[in-house]
Amino acid sequence: MKKKLCAAMLALLVACPSFHAQTLLNETQEQKDKRMEWFYKAKLGIFIHWGIYAVKGVSESWSFYNKYLPHDEYLKQCEGFTASKYDPKAWVDLIKESGAQYTVLTTKHHDGVALWDTKQNGISVVKNTPAKRDLVTPFVDEVRKAGLRLGLYFSLPDWSHPDYPNMTRTDVRYKDDPKRWDNFCKFNFGQLAELNNTYKPDLYWFDGDWEQSAETWRAKEIMELLR
């Protein structure tokens, strides 16, 4: 059920920002086919995972979640993340050369490290790494110049956030604390609003929905926010 929900959210959010959320809930099959047409035709898309885990070359987020290394040691990679060889134009040139019609960039994985200049109270490459700059905007600009469709990956869970229930497979911060969960949801919605208002992507790719129910994630409200 959760996998179907995540797929449905992706389908609802792809392709047509002019649709209102209520319109989408009532759309006909013909309207949906028209909205999704570019995605069906695109076929090939390039998905980019990039973050502080490049410093040690460890698995993104899962390396501390599964306790291959401690959480604090994982986050120490922030100190070595300079993005000194980051060349978004070269990336996009390669993507276009491949024949791909769209690309998806990880704006934040489960480790909670945002690649843009988030104003929410989370970790970011701007505030917490020597890179000290927004890394999403230059990539987005090159994608738009190249005439490609833009996709943004966003992790629903944030295992580093103090108000998210768990940090690793066995370490739990709290259970059944509505106030703390509400604080986390406000944080999550705040970051999504930043991405939406700043970049207006053609699709969103959500990850991590298995950790909570659709109701707990407030999936309907997320769709309404992004619409």
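Taking the 1.4 Å solvent-accessible surface of the chain as the whole, the part contributed by carbon and sulfur is 54%. Restricting region 125-227 to chymotrypsin sites (Phe, Trp or Tyr not before Pro) that sit in a DSSP loop and have at most 16 other Cβ atoms within 10 Å of their own Cβ leaves Y174. Using Cβ point charges alone (K and R +1, D and E -1), the dipole size of region 89-174 about the Cα centre works out to roughly 140 debye. Using the 1.4 Å probe convention, the accessible area of region 42-86 works out to 55 Å² per residue with neighbouring protein chains retained.
Placing pseudo-labels 7 Å out from each Cα toward the beta carbon at E79 and E211 gives an inter-label distance of 2.5 nm. Legend: calculated FRET efficiency, M36 to R144, from the Cβ-Cβ distance at R0 = 30 Å, rounded to 0.05, equals 0.90. Each of A193, Y40, W210 was scored by the projection of its Cα onto the charge dipole of the chain, and the greatest displacement toward the positive side belongs to Y40; charges sit on the C-beta of Lys, Arg, Asp and Glu.
Estimated from helical segments only, the mean residue ellipticity of the chain at 222 nm is -12500 deg cm²/dmol, where each DSSP H run of four or more residues counts as -39500 (n - 2.57). Maximal additional length on extending the E27-K56 stretch stands at 5.7 nm, based on 0.36 nm per residue less the C-alpha distance. Solvent exposure of region 146-227 amounts to 44 Å² per residue of accessible area, where only protein heavy atoms count and the probe is 1.4 Å. Residues considered: K108, K32, K175. Largest GNM mean-square fluctuation over the chain, using C-alpha springs under 10 Å, is found at K175.
The values are calculated or read from the model by the stated rules, or taken from the named source; none is laboratory data. Bear in mind that the values here come from a model prediction, so they are computed numbers and not experimental data. Cβ: placed from backbone, ideal geometry, glycine included. Neighbour counts: every protein chain shown. Surface areas here come from the heavy atoms of the whole protein model, side chains and all, with no ligands, DNA or RNA. Shrake-Rupley method; radii C 1.70, N 1.55, O 1.52, S 1.80 Å.
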